[in-house]
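The values are calculated or read from the model by the stated rules, or taken from the named source; none is laboratory data. What you are looking at is a predicted structure, and each value in this text was computed from that prediction instead of being measured. Ideal geometry is used to build each Cβ from the backbone, glycine not excepted, and the neighbour counts take in all protein chains shown.
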Amino acid sequence: MVSRVIPVDPFDLVIFGGTGDLARRKILPALFRRYVAGQMGETSRIVGAARSEMDDAAYRDFVRDAVMEFDPPQGEAATQLDGFLEQVGYVTLDATGHGGWAELAARLKDKRAVQAFYFSVGPSLFGALAERLHQHGMAGEGTRIVVEKPFGRDEESARKLNATLAEHFDEGQIYRIDHYLGKETVQNLMAVRFGNMLFEPLWNAQYVDHIQITVAETVGVGGRGEYYDKSGAMRDMLQNHMMQLLCLIAMEPPAKFDPDAVRDEKLKVIRALDEVKPEDVVRGQYEAEDGKADYRTQVENKASTTESFVALKLHISNWRWAGTPFYLRTGKRLRAKVSEIAVVFKETPHSIFGAEAGRHRNILTIRLQPNEGMDLGVTIKEPGPGGMRLVDVPLDMTFADALGPDAEDVPDAYERLIMDVIRGNQTLFMRGDEVEAAWAWTDPIIAGWEARGDEPEPYETGSSGPEEALALMHRDGRRWRDIRA
Ligand code: BG6
């Protein structure tokens, strides 16, 4: 199998917040990888824009350092860094004032086929940036803007942000990033579901006992305490990344793989979510261990009640899923970095092999990271004499083994998503109504624990989260899958 690089039109990409953490860690290394892959074209330009006083040469050094630190090129690619940097420039800019805007406009006068502006800044600046782009003649019909999460912190603020952006841009020009949608295996969810005959007929409440989605991390909040403490796991992970996974796993088949067809189906899932009962939510906060600080030591508020872990049970009230619970959990400082979705089918209705053979069930596990792949637990006969003893074994497929070395060379989420912006494909981006609906479902859950003054449950670093999260499933006669890499 040979990875194909589909050429894109020459583009101008302006990164507001061009000296920020996201630009260093993700956006700039991703662009360099696309350059190496031959997708950037010789005439495309990248312009960093931020408050710092810097000239083009200094910014190129900054970009070089970022690439070398976060995604150092190997072999032949290393010789291409200088060529890439020639296509990079910088403008010192005051997002809320007027400084630098005329210069930016002058630089972009000789327009490339596509012009995109990446708002890699806090949402409080979105409005100002949109307005300045408009005033300085850079908000034309062909312009695209890319906005990062957090997209608001509740439904009201998300609505306001949408309204602000809508003053200057059409929905078709706005690319709201959720980097989970750019992950190769997340797209594989759709391929598995809608590219096979095998699963779809069983994909419903009649055959599925429950679905569990885990996104576990080993890292703590690190240097992001200030942002994180205002968000918590619910706003940082569940409202967006996990909600997207839920939508892809639960939605009806879209008529085609096209932006609005897919997003319409996702929206229907979110709108069909039941309100979550307080007893179906567990929040946790990690404790100190092995010289690692506890959560409260890492944030400013030493009495913080923000959760670094959340687990909940939800129901989707529609024909396909009525009665099937979905269990979601995510947290930091857990035992391993694992993201997976497990579709747990119902037990066989009757055992022809007698009571001692037991009743068995199939579990389809889709591993998003690491070790991307899927396995299907099937029941077979245990070898040897002694009657029909049954055993469950995995039909295991690691994508890298099945697809060969090229599977390891797939673009990362940011590479794919930025190229989709240039291509003008919004399928993997969130629509405004989707984000608002996700907040509308999340808000009452958060308001509930705030009103009750709930304290998060402490959990050990390196564990599976608080005991109460295990109990959330045990009391339904079910159990979480182990968190292990
Ligand atoms: C980000 C969150 O959106 O996703 C982080 O803000 C989290 O807190 C990260 O660590 C996880 O992303 P990934 O790709 O490492 O699973």
Residue match in segment 70-87 (condition: in contact with a strand residue (DSSP E or B) (Cβ under 6 Å, 6 or more places away or on another chain) and within 15 Å of LEU31 (Cα to Cα)): yes
Just name the residue that is farthest from the chain's Cα centre (by Cα) out of those in segment 116-128 that are at pLDDT below 95 and more than 16 Å from the ligand (Cβ to nearest atom). ALA128
What is the one condition in (1) within 16 Å of the ligand (Cβ to nearest atom); (2) crowded, with 16+ Cβ neighbours inside 10 Å that GLU226 does not satisfy? (2)
Per the list (1) surrounded by fewer than 22 Cβ atoms within 10 Å (Cβ to Cβ); (2) in a loop (DSSP other than H, G, I, E, B); (3) more than 24 Å from the chain's Cα centre (by Cα), residue check on MET40 breaks on (1)
Can you list the helices (runs of 4 or more DSSP H) found entirely within segment 179-273 that contain at least 1 residues being β-branched (Val, Ile, Thr) and at pLDDT below 95? 184-194
Considering only segment 229-259, how many residues are within 16 Å of the ligand (Cβ to nearest atom), surrounded by fewer than 21 Cβ atoms within 10 Å (Cβ to Cβ) and of a type in the set (Lys, Arg)? 1
If the Cβ limit is 7 Å and pairs must be 6+ apart or interchain, which residue in segment 366-381 that is away from the ligand (no atom under 16 Å from the Cβ) pairs with which residue that is outside any strand (DSSP E or B) and aliphatic (A, V, I, L, M)? MET374/VAL192; LYS381/MET388
Complete set of residues in segment 76-104 that are crowded, with 17+ Cβ neighbours inside 10 Å and either farther than 26 Å from ARG34 by Cα or in contact with a Cys (Cβ under 8 Å, 6 or more places away or on another chain) (or both): LEU93, ALA95, GLY100, TRP101
Which listed residue is within 28 Å of ASN425 (Cβ to Cβ) and assigned to a strand (DSSP E or B), from GLY89, GLY83: GLY89
ALA163 vs. criteria without any contact (Cβ under 8 Å) to a residue 40 or more places away in the chain, of a type outside the set (Ser, Thr, Tyr), crowded, with 16+ Cβ neighbours inside 10 Å and out of contact with any strand residue (DSSP E or B) (no Cβ under 7 Å at 6 or more places or on another chain): no
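So that you can scan it fast, the table gives a plain yes or no per residue for (1) surrounded by fewer than 23 Cβ atoms within 10 Å (Cβ to Cβ); (2) out of contact with any Leu (no Cβ under 9 Å at 6 or more places or on another chain); (3) at positive phi; (4) not in a helix (DSSP H, G or I):
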position	(1), (2), (3), (4)
ASP9	yes, yes, no, yes
ARG24	yes, yes, no, no
ALA58	yes, yes, no, no
ARG64	yes, no, no, no
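Every residue, every condition in (1) assigned to a loop (DSSP other than H, G, I, E, B); (2) over 17 Å from the mean Cα position of the chain (by Cα); (3) at pLDDT 95 or above; (4) away from the ligand (no atom under 16 Å from the Cβ), yes or no:
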site: PHE353; (1), (2), (3), (4): yes, yes, no, yes
site: PRO383; (1), (2), (3), (4): yes, yes, no, yes
site: GLY387; (1), (2), (3), (4): yes, yes, no, yes
site: MET397; (1), (2), (3), (4): no, yes, no, yes
site: ILE422; (1), (2), (3), (4): no, yes, yes, yes
site: ASP433; (1), (2), (3), (4): no, yes, yes, yes
When residues of segment 460-484 are limited to those that are under 16 Å from GLY331 (Cα atoms) and loosely packed, with under 12 Cβ neighbours inside 10 Å, the one nearest to the chain's Cα centre (by Cα): ARG484
